[in-house]
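In what follows, a structure is listed as structure tokens, so that the remarks can point back to it.
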Amino acid sequence: MIKNIPGTNFFAQNIFCIGRNYAEHAKELNNPIPTSPVVFIKPNSSLCFDGENLILPTQSNRVDHEVEIVLVIGKKGKNILVPNAHEYISHLGIGLDFTARDLQDKAKDKSLPWSIAKGFDTFAGIGHFQVFDGNVLQLSNLQFHLAVNGEIKQKGNSQNMLFSIPQIVSYLSTIFTLSPGDIIFTGTPEGVGVLKKGDSLEAVLEGYSTLSLGVVSVE
Ligand code: ZN
């Protein structure tokens, strides 16, 4: 199904994600600090939108929240240079990269991919996006947070990214041709935690975007 990206004129295309992009989060999961961006992809079928519910899958006993700044690509590009990367970003917003941590841990132990742990239906929550005004300096000082049942659980600022937003866009474009409607999750700060049925989530990119989701289990 073709899905519109809220706040944009684009249909959602690829969903690229960066893992371990904040040192404190890498540490809390006992992961090494990466020397190049850790990249994975979520399927388009995993998208979920403001006002909807995360559906906890029966296959997992531990689904974690990861609040992340999310970018929308506005023009086609390949081998984009870091100083030009901001020109390819059309919108900024907030998202939740849900992760079946138990399944991810099993996959990691066996050196298997994370597609299942990251790819269930509703595992890519995105809020309403705002146009990015092109001010590259803003990209290195974006403040965001997540509240679960009204209590702040994660707080982040893009200045603490290991790979900056322009570096991420540039790096991804050396591998993938980026196109309008591509969505990029940029990694989560520390404070990830497990979710349960009935939780209510409020993610905010300050000045830009909000995302409210409930949590339900499969009936
Ligand atoms: Zn993530």
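The rows are residues; the columns are (1) open to solvent by less than 30 Å² (accessible area, probe 1.4 Å); (2) touching a helix residue (DSSP H, G or I) at 6+ places or on another chain (Cβ under 9 Å); (3) not in a strand (DSSP E or B).
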position: Ser45; (1), (2), (3): no, yes, yes
position: Gly51; (1), (2), (3): no, no, yes
position: Ile94; (1), (2), (3): yes, no, no
position: Ala107; (1), (2), (3): yes, yes, yes
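Only one entry in Pro180, Pro166 is in a helix (DSSP H, G or I) and open to solvent by 10 Å² or more (accessible area, probe 1.4 Å), namely Pro166. Specify the residue that is farthest from the ligand (Cβ to nearest atom); the eligible residues are those in the stretch 13-38 that are assigned to a loop (DSSP other than H, G, I, E, B) and crowded, with 19+ Cβ neighbours inside 10 Å. That would be Pro37. Note on the stretch 1-12: residues that are within 23 Å of Trp114 (Cα to Cα) and either within 11 Å of the ligand (Cβ to nearest atom) or polar (S, T, N, Q) (or both) amount to 0. For the stretch 146-157, filtering for residues that are surrounded by fewer than 22 Cβ atoms within 10 Å (Cβ to Cβ) and either more than 15 Å from the ligand (Cβ to nearest atom) or under 24 Å from Tyr88 (Cα atoms) (or both) leaves 8.
Summed over the stretch 132-141, the residues that are outside any helix (DSSP H, G or I) and either out of contact with any Ser or Thr (no Cβ under 7 Å at 6 or more places or on another chain) or surrounded by 14 or more Cβ atoms within 10 Å (Cβ to Cβ) (or both) give a count of 4. Being under 23 Å from Phe49 (Cβ atoms), in a loop (DSSP other than H, G, I, E, B) and touching an Asp or Glu at 6+ places or on another chain (Cβ under 6 Å) is a condition met by at least one residue of the stretch 190-205. Taken over the stretch 40-85, the residue count meeting the criterion of being farther than 20 Å from Gln167 by Cβ and within 16 Å of the ligand (Cβ to nearest atom) is 12.
The values are calculated or read from the model by the stated rules, or taken from the named source; none is laboratory data. Values in this document were obtained by computation on a predicted structure and should not be read as measured data. Virtual Cβ from ideal backbone geometry, glycine too; neighbours counted across all protein chains shown. Only protein heavy atoms, including side chains, enter the accessible area calculation; ligands, DNA and RNA are left aside. Shrake-Rupley method; radii C 1.70, N 1.55, O 1.52, S 1.80 Å.
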